[in-house]
1. Figure the gain on full extension for Cys71 and His300 (residue separation times 0.36 nm, minus the Cα-Cα span) and round it to one decimal in nm.
2. How large is ³J(HN,Hα), in whole Hz, for each residue of the range 214-222 in order, when computed from phi with the Karplus curve 6.51 cos²θ - 1.76 cosθ + 1.60 and θ = phi - 60°, using x for Gly and Pro?
3. When N counts the residues of the range 89-247, how does its alpha-carbon radius of gyration compare numerically with 2.2 N^0.38 Å, as a ratio?
4. Relative contact order of the range 1-88, please, whole-number percent, based on alpha carbon pairs below 8 angstrom and at least 6 residues apart.
5. Can you list residues whose amide H is under 5 Å from Ile179's amide H, if they're 5+ apart or on another chain and H is modeled 1.01 Å from N?
6. Hey, what's the chain come to in accessible area per residue, 1.4 Å probe, Å²?
7. What is the angle, in °, between the Cα long axis of helix 3-15 and the longest principal axis of the Cα atoms in the chain? Nearest 10 is fine, range 0 to 90.
8. Return the calculated 222 nm mean residue ellipticity for the chain, to the nearest 500 deg cm²/dmol, obtained by summing -39500 (n - 2.57) across DSSP H runs with n ≥ 4 and dividing by the residue count.
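The values are calculated or read from the model by the stated rules, or taken from the named source; none is laboratory data. For clarity, every value in this text was computed on a predicted model and none was experimentally measured. Note: ideal-geometry Cβ built from the backbone for every residue, glycine included; neighbour counts use all protein chains shown. The accessibility values were calculated without ligands, DNA or RNA, using every heavy atom of the protein model including side chains. Shrake-Rupley method; radii C 1.70, N 1.55, O 1.52, S 1.80 Å.
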Amino acid sequence: MDIRQFRYFTAVAETLHFGEAARRLNMTQPPLSKRIAELEEALGARLFDRNSRKVTLTLSGQQFLPYAQACITAFDEAISSVQATTPSRSRRIRVGFPLDTSRKVLGLFTSEARSMRAEARIVEATTADQHRMLLAGELDIGILRYPYSSKGLWSSPTLCQTLGLVMSRTHPLAARKEIDLADLKGSTLVTFPRAIAPGLYDELMAACRAGGFRPKRIEHAMRMTTGLLLAEAAVALRPKVAMRTGQAGRMADLVWRPIVGEPLKWWTSVVRRKGNTDPLTLRTVQVILRGLEKHDQWQHSPKRGR
(Lines give C-alpha, C1' and ligand atoms only; values in the text may rest on other atoms or scores of the structure.)
Protein backbone atom coordinates (compact mmCIF):
# COMPACT_ATOMS: atom_id res chain seq x y z
CA MET A 1 0.00 0.00 0.00
CA ASP A 2 1.09 3.58 -0.62
CA ILE A 3 -0.31 7.06 -0.07
CA ARG A 4 -1.77 7.25 -3.59
CA GLN A 5 -4.10 4.33 -2.83
CA PHE A 6 -5.33 6.23 0.23
CA ARG A 7 -6.02 9.27 -1.98
CA TYR A 8 -7.90 7.09 -4.48
CA PHE A 9 -10.00 5.55 -1.70
CA THR A 10 -10.88 8.89 -0.07
CA ALA A 11 -11.84 10.41 -3.44
CA VAL A 12 -14.34 7.62 -4.05
CA ALA A 13 -15.52 7.63 -0.44
CA GLU A 14 -16.13 11.39 -0.49
CA THR A 15 -17.95 11.42 -3.84
CA LEU A 16 -19.54 7.94 -3.75
CA HIS A 17 -19.15 7.94 -7.52
CA PHE A 18 -16.27 6.29 -9.38
CA GLY A 19 -16.66 8.51 -12.44
CA GLU A 20 -16.65 11.74 -10.41
CA ALA A 21 -13.72 10.53 -8.31
CA ALA A 22 -11.77 9.69 -11.48
CA ARG A 23 -12.36 13.21 -12.82
CA ARG A 24 -11.28 14.68 -9.50
CA LEU A 25 -8.08 12.63 -9.62
CA ASN A 26 -7.43 13.41 -13.31
CA MET A 27 -7.49 9.76 -14.32
CA THR A 28 -9.83 7.38 -16.09
CA GLN A 29 -12.28 5.11 -14.30
CA PRO A 30 -10.85 1.64 -15.13
CA PRO A 31 -7.43 2.18 -13.48
CA LEU A 32 -9.14 3.80 -10.48
CA SER A 33 -11.38 0.74 -10.05
CA LYS A 34 -8.30 -1.48 -10.33
CA ARG A 35 -6.42 0.50 -7.65
CA ILE A 36 -9.41 0.26 -5.30
CA ALA A 37 -9.64 -3.49 -5.89
CA GLU A 38 -5.90 -3.83 -5.12
CA LEU A 39 -6.36 -1.88 -1.89
CA GLU A 40 -9.31 -4.07 -0.87
CA GLU A 41 -7.27 -7.18 -1.58
CA ALA A 42 -4.33 -5.86 0.46
CA LEU A 43 -6.63 -5.03 3.37
CA GLY A 44 -8.60 -8.25 3.06
CA ALA A 45 -11.87 -6.33 3.28
CA ARG A 46 -14.44 -4.91 0.88
CA LEU A 47 -14.62 -1.12 1.21
CA PHE A 48 -17.52 -0.37 -1.14
CA ASP A 49 -20.81 -1.93 -2.14
CA ARG A 50 -21.40 -1.24 -5.84
CA ASN A 51 -24.34 -1.76 -8.14
CA SER A 52 -25.57 -0.13 -11.35
CA ARG A 53 -27.29 2.70 -9.47
CA LYS A 54 -25.09 3.70 -6.54
CA VAL A 55 -21.89 3.25 -4.55
CA THR A 56 -21.97 3.01 -0.74
CA LEU A 57 -19.32 2.49 1.91
CA THR A 58 -19.31 -0.83 3.72
CA LEU A 59 -18.85 -0.87 7.48
CA SER A 60 -15.15 -1.54 6.88
CA GLY A 61 -15.02 1.43 4.51
CA GLN A 62 -16.68 3.69 7.04
CA GLN A 63 -14.18 2.64 9.69
CA PHE A 64 -11.21 3.04 7.33
CA LEU A 65 -12.11 6.49 5.95
CA PRO A 66 -11.11 8.73 8.91
CA TYR A 67 -7.81 6.87 9.26
CA ALA A 68 -7.06 7.24 5.54
CA GLN A 69 -7.87 10.96 5.69
CA ALA A 70 -5.65 11.37 8.74
CA CYS A 71 -2.80 9.53 7.00
CA ILE A 72 -3.03 11.85 3.98
CA THR A 73 -3.02 14.94 6.20
CA ALA A 74 -0.05 13.65 8.21
CA PHE A 75 1.83 12.77 5.00
CA ASP A 76 1.35 16.25 3.53
CA GLU A 77 2.30 17.95 6.79
CA ALA A 78 5.42 15.79 7.13
CA ILE A 79 6.61 16.71 3.64
CA SER A 80 5.98 20.41 4.23
CA SER A 81 7.75 20.33 7.59
CA VAL A 82 10.86 18.65 6.20
CA GLN A 83 10.96 20.91 3.15
CA ALA A 84 10.74 24.01 5.33
CA THR A 85 13.54 23.00 7.71
CA THR A 86 16.03 20.96 5.67
CA PRO A 87 18.78 23.17 4.14
CA SER A 88 19.55 20.68 1.36
CA ARG A 89 15.90 20.73 0.29
CA SER A 90 16.05 24.46 -0.37
CA ARG A 91 18.71 23.84 -3.00
CA ARG A 92 16.45 21.71 -5.23
CA ILE A 93 13.27 22.55 -7.10
CA ARG A 94 11.30 19.96 -9.09
CA VAL A 95 8.86 21.31 -11.67
CA GLY A 96 6.50 19.49 -14.02
CA PHE A 97 5.95 21.01 -17.46
CA PRO A 98 3.40 20.11 -20.17
CA LEU A 99 4.73 18.71 -23.43
CA ASP A 100 4.00 21.94 -25.34
CA THR A 101 6.04 24.25 -23.08
CA SER A 102 8.45 26.39 -25.09
CA ARG A 103 12.22 26.23 -24.76
CA LYS A 104 12.23 29.87 -23.66
CA VAL A 105 10.07 29.11 -20.62
CA LEU A 106 12.27 26.14 -19.72
CA GLY A 107 15.38 28.29 -20.21
CA LEU A 108 14.02 31.04 -17.97
CA PHE A 109 13.28 28.50 -15.22
CA THR A 110 16.75 26.92 -15.31
CA SER A 111 18.46 30.33 -15.49
CA GLU A 112 16.55 31.66 -12.48
CA ALA A 113 17.25 28.45 -10.55
CA ARG A 114 20.98 28.90 -11.16
CA SER A 115 20.80 32.50 -9.96
CA MET A 116 19.20 31.19 -6.74
CA ARG A 117 21.93 28.51 -6.50
CA ALA A 118 19.30 25.81 -6.72
CA GLU A 119 19.30 22.52 -8.61
CA ALA A 120 16.57 22.64 -11.28
CA ARG A 121 14.82 19.38 -12.12
CA ILE A 122 12.49 19.41 -15.13
CA VAL A 123 9.86 16.68 -15.47
CA GLU A 124 7.90 16.49 -18.74
CA ALA A 125 4.50 15.17 -17.73
CA THR A 126 0.79 15.35 -18.49
CA THR A 127 -1.75 17.11 -16.29
CA ALA A 128 -2.94 13.77 -14.89
CA ASP A 129 0.60 12.66 -14.03
CA GLN A 130 1.61 16.02 -12.58
CA HIS A 131 -1.49 16.06 -10.39
CA ARG A 132 -0.65 12.65 -8.94
CA MET A 133 3.04 13.55 -8.50
CA LEU A 134 2.22 16.79 -6.68
CA LEU A 135 -0.04 15.00 -4.22
CA ALA A 136 2.56 12.25 -3.74
CA GLY A 137 5.30 14.79 -2.97
CA GLU A 138 7.27 13.88 -6.12
CA LEU A 139 6.97 17.40 -7.60
CA ASP A 140 7.20 20.83 -5.97
CA ILE A 141 5.39 22.72 -8.75
CA GLY A 142 3.20 21.71 -11.69
CA ILE A 143 1.50 23.45 -14.60
CA LEU A 144 -1.97 21.94 -14.83
CA ARG A 145 -4.73 22.32 -17.40
CA TYR A 146 -8.24 22.76 -16.03
CA PRO A 147 -10.36 21.09 -14.82
CA TYR A 148 -8.59 19.28 -11.99
CA SER A 149 -9.24 18.71 -8.30
CA SER A 150 -7.65 21.50 -6.26
CA LYS A 151 -8.03 19.68 -2.96
CA GLY A 152 -4.73 19.96 -1.06
CA LEU A 153 -3.30 22.28 -3.73
CA TRP A 154 -2.72 26.00 -4.14
CA SER A 155 -3.36 27.31 -7.67
CA SER A 156 -2.21 30.58 -9.20
CA PRO A 157 -4.70 32.90 -10.93
CA THR A 158 -5.83 31.27 -14.17
CA LEU A 159 -4.14 31.91 -17.50
CA CYS A 160 -6.05 31.44 -20.76
CA GLN A 161 -5.38 30.69 -24.43
CA THR A 162 -7.99 30.87 -27.19
CA LEU A 163 -7.99 27.83 -29.46
CA GLY A 164 -8.26 27.92 -33.22
CA LEU A 165 -7.92 25.32 -35.95
CA VAL A 166 -4.69 23.99 -37.42
CA MET A 167 -4.99 22.29 -40.81
CA SER A 168 -3.14 21.58 -44.01
CA ARG A 169 -2.96 24.38 -46.57
CA THR A 170 -4.80 22.00 -48.92
CA HIS A 171 -7.77 21.52 -46.54
CA PRO A 172 -11.04 22.59 -48.21
CA LEU A 173 -11.59 25.27 -45.53
CA ALA A 174 -8.04 26.59 -45.40
CA ALA A 175 -8.81 29.59 -47.64
CA ARG A 176 -11.30 31.05 -45.15
CA LYS A 177 -10.30 33.81 -42.74
CA GLU A 178 -12.31 32.25 -39.91
CA ILE A 179 -14.24 29.02 -39.61
CA ASP A 180 -17.49 28.06 -37.91
CA LEU A 181 -17.32 24.78 -35.98
CA ALA A 182 -20.45 23.57 -37.76
CA ASP A 183 -18.61 23.82 -41.11
CA LEU A 184 -16.16 21.10 -40.05
CA LYS A 185 -18.61 18.28 -40.81
CA GLY A 186 -16.69 15.47 -42.43
CA SER A 187 -13.33 16.49 -40.94
CA THR A 188 -11.21 14.23 -38.77
CA LEU A 189 -10.10 15.68 -35.43
CA VAL A 190 -6.53 15.07 -34.27
CA THR A 191 -6.24 15.57 -30.53
CA PHE A 192 -4.33 14.47 -27.46
CA PRO A 193 -5.21 11.12 -25.80
CA ARG A 194 -7.88 11.49 -23.14
CA ALA A 195 -5.63 9.98 -20.44
CA ILE A 196 -3.37 13.06 -20.62
CA ALA A 197 -6.06 15.39 -19.19
CA PRO A 198 -9.46 13.64 -18.94
CA GLY A 199 -11.37 16.69 -17.70
CA LEU A 200 -10.01 19.01 -20.39
CA TYR A 201 -10.62 16.40 -23.10
CA ASP A 202 -14.26 16.02 -22.07
CA GLU A 203 -14.76 19.80 -21.92
CA LEU A 204 -13.36 20.31 -25.43
CA MET A 205 -15.39 17.47 -26.94
CA ALA A 206 -18.57 18.83 -25.34
CA ALA A 207 -17.83 22.34 -26.66
CA CYS A 208 -17.24 20.97 -30.17
CA ARG A 209 -20.55 19.12 -30.11
CA ALA A 210 -22.34 22.22 -28.81
CA GLY A 211 -20.91 24.18 -31.73
CA GLY A 212 -22.12 21.62 -34.28
CA PHE A 213 -18.83 19.80 -34.86
CA ARG A 214 -19.08 16.04 -34.47
CA PRO A 215 -15.83 14.67 -35.92
CA LYS A 216 -16.07 11.99 -38.58
CA ARG A 217 -13.20 10.29 -36.77
CA ILE A 218 -10.93 11.14 -33.85
CA GLU A 219 -7.22 10.38 -34.08
CA HIS A 220 -5.30 10.50 -30.80
CA ALA A 221 -1.72 11.67 -31.25
CA MET A 222 0.92 14.03 -29.86
CA ARG A 223 4.17 13.90 -31.78
CA MET A 224 2.55 12.62 -35.01
CA THR A 225 -0.05 15.42 -35.15
CA THR A 226 1.59 17.31 -38.02
CA GLY A 227 1.89 14.20 -40.17
CA LEU A 228 -1.76 13.30 -39.64
CA LEU A 229 -2.90 16.81 -40.52
CA LEU A 230 -0.95 16.70 -43.76
CA ALA A 231 -2.09 13.20 -44.67
CA GLU A 232 -5.85 13.83 -44.76
CA ALA A 233 -8.64 16.41 -44.29
CA ALA A 234 -8.01 16.66 -40.56
CA VAL A 235 -7.94 19.53 -38.07
CA ALA A 236 -6.39 20.06 -34.64
CA LEU A 237 -7.33 22.48 -31.86
CA ARG A 238 -4.41 24.73 -30.97
CA PRO A 239 -3.68 28.27 -29.78
CA LYS A 240 -2.09 30.52 -32.41
CA VAL A 241 1.24 30.46 -30.58
CA ALA A 242 1.60 26.80 -31.62
CA MET A 243 2.36 28.01 -35.15
CA ARG A 244 5.46 29.98 -34.20
CA THR A 245 8.56 29.38 -36.28
CA GLY A 246 10.68 26.45 -35.26
CA GLN A 247 8.14 24.71 -33.03
CA ALA A 248 7.54 21.97 -35.59
CA GLY A 249 9.53 21.01 -38.68
CA ARG A 250 6.66 21.18 -41.19
CA MET A 251 4.65 24.12 -39.85
CA ALA A 252 5.08 25.89 -43.19
CA ASP A 253 2.66 23.35 -44.71
CA LEU A 254 -0.02 24.17 -42.13
CA VAL A 255 -2.27 27.15 -41.43
CA TRP A 256 -4.04 28.40 -38.29
CA ARG A 257 -7.54 29.82 -38.54
CA PRO A 258 -9.67 31.40 -35.77
CA ILE A 259 -13.06 29.93 -34.91
CA VAL A 260 -16.16 32.13 -35.24
CA GLY A 261 -17.08 33.44 -31.79
CA GLU A 262 -13.95 32.03 -30.14
CA PRO A 263 -15.92 29.26 -28.36
CA LEU A 264 -12.94 27.05 -27.46
CA LYS A 265 -10.44 28.02 -24.77
CA TRP A 266 -8.25 26.29 -22.31
CA TRP A 267 -7.00 27.47 -18.95
CA THR A 268 -3.96 26.66 -16.88
CA SER A 269 -2.52 27.45 -13.46
CA VAL A 270 0.86 27.06 -11.81
CA VAL A 271 0.22 24.77 -8.85
CA ARG A 272 1.94 23.76 -5.61
CA ARG A 273 0.83 21.89 -2.50
CA LYS A 274 -0.90 24.15 -0.01
CA GLY A 275 1.61 23.44 2.71
CA ASN A 276 4.68 24.06 0.57
CA THR A 277 5.49 27.72 1.23
CA ASP A 278 9.28 27.72 1.24
CA PRO A 279 10.76 30.83 -0.45
CA LEU A 280 12.35 28.93 -3.34
CA THR A 281 9.01 27.39 -4.33
CA LEU A 282 7.13 30.70 -4.05
CA ARG A 283 9.69 32.56 -6.14
CA THR A 284 9.79 29.82 -8.78
CA VAL A 285 5.98 29.94 -9.14
CA GLN A 286 6.26 33.64 -10.04
CA VAL A 287 9.14 32.97 -12.47
CA ILE A 288 7.09 30.35 -14.33
CA LEU A 289 4.00 32.57 -14.45
CA ARG A 290 6.09 35.38 -15.93
CA GLY A 291 7.58 33.02 -18.51
CA LEU A 292 4.22 31.61 -19.60
CA GLU A 293 2.83 35.11 -20.14
CA LYS A 294 5.91 36.50 -21.89
CA HIS A 295 6.99 33.57 -24.06
CA ASP A 296 3.94 31.32 -24.53
CA GLN A 297 1.30 34.06 -24.79
CA TRP A 298 -0.89 32.94 -21.90
CA GLN A 299 -3.16 35.74 -20.69
CA HIS A 300 -4.76 36.35 -17.32
CA SER A 301 -8.45 35.44 -17.50
CA PRO A 302 -10.75 34.02 -14.80
CA LYS A 303 -12.08 30.57 -15.71
CA ARG A 304 -15.84 30.49 -15.93
CA GLY A 305 -17.29 28.09 -13.40
CA ARG A 306 -14.03 27.71 -11.51
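1. Numbers: separation 229, 0.36 × 229 = 82.44 nm, distance 3.63 nm.
That works out to 78.8 nm of additional length.
2. 10, x, 4, 7, 10, 9, 9, 7, 10
3. On the way: Rg = 18.1 Å, N = 159, 2.2 N^0.38 = 15.1 Å.
Scaled against compact globular proteins, the figure is 1.20.
4. On the way: 72 pairs, mean separation 27.5, N = 88.
Relative contact order for the range 1-88 comes out at 31 percent.
5. Ile259, Val260
6. Values: 15040 Å² over 306 residues.
It amounts to 49 Å² per residue over the chain.
7. With rounding to tens, the tilt is 80 degrees.
8. Values: 9 runs with 121 residues, N = 306.
Roughly -12500 deg cm²/dmol at 222 nm, from the helical runs in the chain.
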